[in-house]
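Undergrad: One structure, as structure tokens, below. Some questions next.
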Amino acid sequence: MNIEALVSIFTIIDGKFKILLFRKKKDPYKGYWILPSDLLGKENTLEEVVEDCITTKVGLSNLEYDQVGAFSELDRNPSKRIVGIAFFSIVDSTTIELSGVETDEGMQWFDIDNLPKIGYDHQQIIKATVEELKNKINHSLALKKLFPSDFTLPEIQKIYEQILGVELDRRNFRKKFVKADLIEETGDKVTGMNGRPATLYRFREDIEDIMLF
């Protein structure tokens, strides 16, 4: 029996919450999209496999990650018995840009609510990971990773709604953030809907990790 580590990597691009997927080049599931993964070797720890997968296959390094759980269905791989251990990581778009990571036909970012054909049981893994992410995103430090630079409150609310799958009251959302004292105004504004200027905010340097909702 083999063990593999699978990594769901999430980010925000153009105001959309996305996940990184790879196109399968060979059968089974040729042409389908899958999560980046690597098998556990005899001389590797699971953590080493995860970090090596993120570095060599994705081109990123020093990412923090969390474990989601194990997936051990007998038919999850049609060719051999493999138990999957799923992890996820959150990375900001600035880090992606600075790292030089580029996507092509073999590696692309997809909206989490508009995924392509997924191979193996990776659709199930992504679903379970997003459920775990719903708890993670309620923590202020996790949200700060996604928004390291300037943002508007509607931008953050949009991401919350996309991940949680619910609509949030705009006034209550704004009140919650302001009251938490996690953010500060930058002094700049951008043109928002209907031409109304929207205030730009940023997270304070040293904030506590608190539950937001």
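The values are calculated or read from the model by the stated rules, or taken from the named source; none is laboratory data. Keep in mind that this is a model prediction, so the values were computed, not measured. Glycine gets a Cβ as well: all are built from the backbone with ideal geometry, and neighbour counts include every protein chain shown. Accessible surface areas use protein heavy atoms only, side chains included; no ligands, DNA or RNA. Shrake-Rupley method; radii C 1.70, N 1.55, O 1.52, S 1.80 Å.
Undergrad: Given the condition over 18 Å from the mean Cα position of the chain (by Cα), charged (D, E, K, R), modelled with pLDDT of 90 or more and under 28 Å from TYR29 (Cα atoms), answer yes or no: does some residue in region 123-143 qualify?
TA: no
Undergrad: Hey, among the residues in region 67-81 that are surrounded by fewer than 18 Cβ atoms within 10 Å (Cβ to Cβ) and of a type in the set (A, V, I, L, M, F, W, C), which one's modelled with the highest pLDDT?
TA: The residue in question is ALA70.
Undergrad: From (1) open to solvent by 20 Å² or more (accessible area, probe 1.4 Å); (2) at pLDDT 95 or above, pick out the condition that doesn't hold for GLU64.
TA: (2)
Undergrad: When TRP33 is evaluated against the numbered criteria (1) over 15 Å from GLN123 (Cβ atoms); (2) open to solvent by less than 60 Å² (accessible area, probe 1.4 Å), which criterion, by number, is the only one it fails?
TA: (1)
Undergrad: Only one of these is in contact (Cβ under 8 Å) with a residue 60 or more places away in the chain and of a type in the set (S, T, N, Q): ASN138, ASN172, ASN114. Name it. Before you say what the answer is, go through the steps one by one.
TA: Numbers: ASN172 fails: in contact (Cβ under 8 Å) with a residue 60 or more places away in the chain; ASN114 fails: in contact (Cβ under 8 Å) with a residue 60 or more places away in the chain.
Among ASN138, ASN172, ASN114, only ASN138 is in contact (Cβ under 8 Å) with a residue 60 or more places away in the chain and of a type in the set (S, T, N, Q).
Undergrad: Next question, about the same structure. Quick one: in region 156-173, of everything that is among the charged types (D, E, K, R) and closer than 20 Å to ILE12 by Cα, which residue is least open to solvent (accessible area, probe 1.4 Å)?
TA: GLU161
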